[in-house]
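J.: Below: one structure in structure tokens.
The values are calculated or read from the model by the stated rules, or taken from the named source; none is laboratory data. Just so we're clear, the structure is a prediction, and the values are computed from it rather than from any experiment. Neighbour counts run over all protein chains shown; Cβ positions are idealised from the backbone, glycine included. We work out accessible area using only protein heavy atoms, side chains counted, and drop any ligands, DNA or RNA first. Shrake-Rupley method; radii C 1.70, N 1.55, O 1.52, S 1.80 Å.
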Amino acid sequence: MKSLLSILFIFIIELSFAQSASVSGKITDGSTGEELVGITITIEGTTKGAVTDLFGDFVIPNLIPGRYVLLCRNISYEELKYEIKLLKSCMVF
């Protein structure tokens, strides 16, 4: 099993005055930098999540500002937990 996934970037997009936001990013192999397809990213304790596309990109829409733990999983890699805090107009991690 490979040791690490690497999240190149994560950012949020403020969608409206309803304080709804999205988390999106790109998942790559920590050793090779290769974009990873089929990585499952979920929000711990919820049913919200996404799967990376052919370019390693993902989007999880319709989140309320707050603290979350992203879980990145794939059978070939160790699980990665990534804590984030979503604010109305930016993200702190």
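J.: Quickly run through segment 42-76 and pick out the residues that are more than 16 Å from I27 (Cβ to Cβ), free of Cβ contacts under 8 Å to residues at least 40 places away in the same chain and not in a strand (DSSP E or B).
T.: E44, G45, T46, T47, K48 - these are the residues of segment 42-76 that are more than 16 Å from I27 (Cβ to Cβ), free of Cβ contacts under 8 Å to residues at least 40 places away in the same chain and not in a strand (DSSP E or B).
J.: Residues of segment 66-77 being surrounded by 12 or more Cβ atoms within 10 Å (Cβ to Cβ) and under 15 Å from the mean Cα position of the chain (by Cα), which ones?
T.: The answer is Y68, V69, L70, L71, C72, R73, N74.
J.: Taking the options T32, T28, T46, name whichever one is in contact with a Leu (Cβ under 6 Å, 6 or more places away or on another chain) and either open to solvent by 10 Å² or more (accessible area, probe 1.4 Å) or at pLDDT 85 or above (or both).
T.: T28
J.: Among the residues of segment 50-62, write down those that are at positive phi and surrounded by 14 or more Cβ atoms within 10 Å (Cβ to Cβ).
T.: Of everything in segment 50-62, just one residue is at positive phi and surrounded by 14 or more Cβ atoms within 10 Å (Cβ to Cβ), namely G56.
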